1. Condition check: small (Gly, Ala, Ser), out of contact with any Gly (no Cβ under 7 Å at 6 or more places or on another chain) and at pLDDT 90 or above. Does Gly17 satisfy that?
2. Being surrounded by 18 or more Cβ atoms within 10 Å (Cβ to Cβ), in contact with a helix residue (DSSP H, G or I) (Cβ under 7 Å, 6 or more places away or on another chain), outside any loop (DSSP other than H, G, I, E, B) and modelled with pLDDT of 90 or more is the filter here; which residues of segment 26-72 pass it?
Amino acid sequence: MTAALLEAPTTLFASAGRTRAAGGRRTTLEELLEDRWRNARAEGATECPVCEATRRLEGDQARCGGCGTTLS
């Protein structure tokens, strides 16, 4: 994953708060990123955890069409 400047970091943490892990606890950043990576690999696209735009699989990485960050 490449570094990104978060101008509105509440989006990232708001997304993580909506998803609950086992036992009802909040999802960790690691779990959120792993989930998005699995979705990208399985479906070819997923929601960006930074800006919530569509992140598409391109080779061995998933690139966001909104903010340009990548997962790999």
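1. Working: small (Gly, Ala, Ser): yes; out of contact with any Gly (no Cβ under 7 Å at 6 or more places or on another chain): yes; at pLDDT 90 or above: no.
Criteria not met by Gly17.
2. Those that are surrounded by 18 or more Cβ atoms within 10 Å (Cβ to Cβ), in contact with a helix residue (DSSP H, G or I) (Cβ under 7 Å, 6 or more places away or on another chain), outside any loop (DSSP other than H, G, I, E, B) and modelled with pLDDT of 90 or more: Leu32, Thr46, Arg55, Leu57, Ala62.
The values are calculated or read from the model by the stated rules, or taken from the named source; none is laboratory data. All of these numbers come straight from a predicted model, not from anything done at the bench. Neighbour counts are summed over all protein chains in view; Cβ atoms, including those assigned to glycine, are modelled from backbone coordinates with ideal geometry.
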